[in-house]
Amino acid sequence: MKNPKGRQKRKWFILAHCFNMDGRAASQTITDKLPFLMQAGILPVVLSAPTGDLDDRFPHFQIMSPAPSGVLFELRHIIKKRFSNRIVEKSIKALLTLVCLPFLIIEKMFIQLDSQWSWVLSATFKGLRLTHRFDMELIYTTAGPPSTHAAGFFIYKFTGIPWLAEVHDPLIRHGERPRWHNYYFKKWLERRIWNNASAVIYFTEKARRSAAERNPGKGNAYVLRPGAVMPDLSGVQYSVRQHIHFGHFGSLASDRNLGMVIKTMYALIEEHPGWKELLRLDIFGADPDPVTLEFINRYPLQEIVQQHGRLEFDPKSGKSGRQRVLEAMCASDVLLLIHGTAAAVDEYIPSKLYEYLLVRRPIIGLASVGSELETLLKETGHRVANQSDEIEVKNMIAECVERWLATELESQEKSAAYTVDSTVRRLIQIADGIC
């Protein structure tokens, strides 16, 4: 993309607590955009936490959170990045926790916020110095932790530079009960965003609409899907293996678990005993949640459920964790996407969906009826089942197995619909309207 206005380089001040962290969704959402922004003649000036790698392609500054919870959170990530020996890593983390614990207890007695809350203090002071050093045309906060937007608000109030806030997950979730400090801080922050930001970006229409209902009046809000970067999969080719592999990638939680999948796979094996030799459920990412573990233990499917853990950088091949994940997606016969049962689930679309779409393997989505996720999956030609309907989920898995046995499990050529390139084009249009 060329700079449409042919001007001298434009400078955007980007605040992102999570930045350049391999495999982290909050990081990928912004780091993927930067090459396209630079191609458009925009120079990013980035301020982030030190949890990710320092980038030398543009001015990049890192600042720590000063509170005990922030120090502990960020140093644990730095230790994990620096030490490959797991025993050394865990020993240093344990020592760090012991040192921080007395101060952490005192902090939590008075402040019940997330671990990154104090980044607003250091990021605001550092950010004000950077805005004096660079001629910024835009403050762009992308988060991640609410403290990112809070820092953007204070910098905007001191400088008057137009502010664009990109809210990844809703600050206030539908049905969320007010809790001391954390809830009221996010409520205060959401109101500041709506009354002061020149533009606000949400990832779903439901999230935008819910925020608008809570904050009537001023608010220039847009819905912009984050998308994903087209992966380099040269030399990576899907091939049918001995088993049909259903792959789930990303985090799991008690309200977003694989219990229904495991239960229906067990029911299918009871109906088709021979399928026990065919079915494989691959779990990539963090450790399974308690509900998934309960179902794994309840049903005798230990040889079918395979836990691969988190794929990290491989020094032997030189491949990043992200590249390894994309290759594992391409090797899967069917990709599983779980929407979840939380009260605010309709305001959320799992970020892994956009990578799923680009690798063009068949997707089974377990989603809420009438949700944006359900609509998006159907529009891109994928299968979607009511996540609370056991028969529907079971029939969908059975259909995939039968098509696989008949070698008719198709790739999805129409799936490449949401790319970062197109997202950045729209983002620049929004920024042009407020700068």
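The values are calculated or read from the model by the stated rules, or taken from the named source; none is laboratory data. Values in this document were obtained by computation on a predicted structure and should not be read as measured data. Here the Cβ is made from the backbone with ideal geometry for all residues, glycine too, and neighbour counts use every protein chain on show.
Values for this structure:
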quantity: Cross-chain or 6+ apart pairs with Cβ under 9 Å, region 90-110 first and loosely packed, with under 13 Cβ neighbours inside 10 Å, then not in a helix (DSSP H, G or I); calculated: Phe110/His181
quantity: Pairs, first free of Cβ contacts under 8 Å to residues at least 24 places away in the same chain in region 306-333, second assigned to a loop (DSSP other than H, G, I, E, B), C-beta under 6 Å, six or more apart; calculated: Arg324/Leu311
quantity: Single residue of Ser147, Ser198 found to be among the small types (Gly, Ala, Ser) and surrounded by fewer than 24 Cβ atoms within 10 Å (Cβ to Cβ); calculated: Ser198
quantity: Hey, Asp135 modelled with pLDDT under 95 and in contact with a strand residue (DSSP E or B) (Cβ under 9 Å, 6 or more places away or on another chain) or not; calculated: yes
quantity: Sole exception among (1) closer than 21 Å to Gln28 by Cβ; (2) acidic (Asp, Glu); (3) at pLDDT 90 or above for Glu312, by number; calculated: (3)
quantity: The one condition in (1) among the hydroxyl-bearing types (Ser, Thr, Tyr); (2) buried (at least 16 other Cβ atoms within 10 Å of the Cβ); (3) more than 30 Å from Arg208 (Cβ to Cβ) that Ser317 fails to fulfil; calculated: (2)
quantity: Criterion: touching a strand residue (DSSP E or B) at 6+ places or on another chain (Cβ under 7 Å), at negative phi and not basic (Lys, Arg) - qualifying residue of Tyr348, Tyr354; calculated: Tyr354
quantity: Residues being among the acidic types (Asp, Glu) and under 18 Å from Gly259 (Cβ atoms) - total across region 282-332; calculated: 4
quantity: Test: residue in region 262-272 that is free of Cβ contacts under 8 Å to residues at least 40 places away in the same chain, over 24 Å from Asn386 (Cβ atoms) and not assigned by TED's automatic domain parsing to the domain that holds Met21; calculated: no
quantity: Any strands (runs of 3 or more DSSP E) falling wholly within region 162-274 and containing at least 1 residues that are at pLDDT 85 or above, farther than 30 Å from Asn395 by Cβ and under 25 Å from the mean Cα position of the chain (by Cα); calculated: 163-167, 199-202, 221-223
quantity: Single match in Glu312, Glu379, Glu355 (criterion: surrounded by fewer than 18 Cβ atoms within 10 Å (Cβ to Cβ) and under 16 Å from Ser251 (Cβ atoms)); calculated: Glu312
quantity: Test: residue in region 226-234 that is over 22 Å from Tyr299 (Cβ atoms), out of contact with any Asp or Glu (no Cβ under 9 Å at 6 or more places or on another chain) and surrounded by fewer than 19 Cβ atoms within 10 Å (Cβ to Cβ); calculated: yes
